[in-house]
Amino acid sequence: MRYARVTVRYKDGVLDPQGTTIQRALSDLGFAQIESVRTGRTFELALAEGATRDTVEKACRALLANPVIETFEIEMPR
Amino acid sequence: MKFGVVVFPGSNCDYDAYTAIRDVLRQPVEYLWHADADLKGVDCIILPGGFSYGDYLRAGAVARFAPVLQKVVEFARDGGPVLGICNGFQILLEAGLLPGAMLKNRNLRFVHRDVYLACENRETPFTCAVAEGAILRMPVSHGEGNYYAPPDVIAMLERTNRVVFRYVARGGERSAAANPNGSQNDIAGICNEAGNVVGLMPHPDRAYEAVLGSTDGLALFESPIRALRGEPCEA
């Protein structure tokens, strides 16, 4: 099976309260070198024959990402 | 005047809105099942609170594709009054009937407490029965009520009087402590350009009888009755 991988994350400038909290926790644990954390989520999409980047991009715009607050990146199978 | 309350799998405030309308206002009211593309001839639609489809992916993101919602969108575009409460507000945002999006609460916690609201636009079909200058008390109950929109959209909402409800302190003044979730400009509720679609995070459906601690929410359900009769705003 061919898989596409989609990563959805907050746009720059949109507050990420989870990321901020995780960064603080890491800092408390001594990871002072990690200066900021942005969270996101990954989707693995199993593709049937004929599915293209365009198919995946349309799915991202329709549902997987909210364009008001999120951006997405697509990695297609080789 | 017939109300419709939409029921999604995971709605949990549908019965609250239903009983407020049936038992207190004594108006006809019907449930509208999510899978039926049928509005049963209602004059006003309530999208209730809850966790439609488990809030999977993002709150309201999946409910947007329910068959009934296509009809709700048409109803709203034709000027029909639509009120989204809490999860209903999130659905209106995801459906594009209202601008912006919800982020997790600033403190990452689910917040459940009473808030005070200033009603800043009394010309919508859901606020025309609110008395001028009234500060309304009702509960919030949500994990994702931190309203976000790009700066130009926030400026447009403010300029065009589309911020309908704002979190304030008990006396009506703005304060950081009065904002339960970190929403921009203390925004608790907004309307669309025409004013017929209103969404808010607080729960008027949990503040409609004295035994619930407040009756301030009732005005939101009385308003569409008044609006449909063409009666003027409350003095």
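Every number in this text was worked out from the coordinates using simple rules, so none of it is lab data. Because the structure is predicted, anything quoted here is derived from the model rather than measured. With ideal geometry, Cβ positions are generated from the backbone for all residues, glycine too; neighbour counts draw on all protein chains shown.
A few comments on the model shown:
- Between B:ALA66, B:ALA210, B:ALA134, the residue with the greatest mean-square fluctuation in the GNM of chain B (Cα pairs under 10 Å linked by springs) is B:ALA210.
- Restriction of the chymotrypsin sites (Phe, Trp or Tyr not before Pro) in the range A:8-51 to DSSP coil positions whose beta-carbon has at most 12 other beta-carbons within 10 angstrom yields A:PHE31.
- Among the residues of A:15-22, the average count of other protein chain beta-carbon atoms within 10 Å of the residue beta-carbon is 3.
- Convex hull per residue volume in Å³, alpha carbons only, for chain B: 111
- Length-normalised contact order for the range B:160-218 - Cα pairs under 8 Å, 6+ apart - percent: 26
- Dimensions in Å of the range A:2-75 - Rg and Dmax from alpha carbons: 15.5, 49
- Each residue in B:THR215, B:THR124 was given a count of other beta-carbon atoms within 10 angstrom of its own, and listing them fewest first yields B:THR215, B:THR124.
- Counting, for every residue in A:59-70, the Cβ atoms of other protein chains within 10 Å of its Cβ and taking the mean gives 4.
- For the protein assembly as shown, fraction of C-alpha pairs farther apart than 24 Å, in %: 54
- Normalised per residue, the volume of the convex hull around the Cα set of the range B:86-128 (Å³): 119
- Working from Cα pairs under 8 Å separated by at least six residues, relative contact order for chain B is 20 percent.
- When each of A:LYS58/B:LYS71; A:LYS11/B:LYS104; B:LYS2/B:LYS40 is checked by Cα-Cα distance, pairs over 18 Å: A:LYS58/B:LYS71
- Rounded to the nearest 20, the size of the Cβ-charge dipole of the range B:32-123 about its Cα centre is 460 debye, with Lys and Arg at +1 and Asp and Glu at -1.
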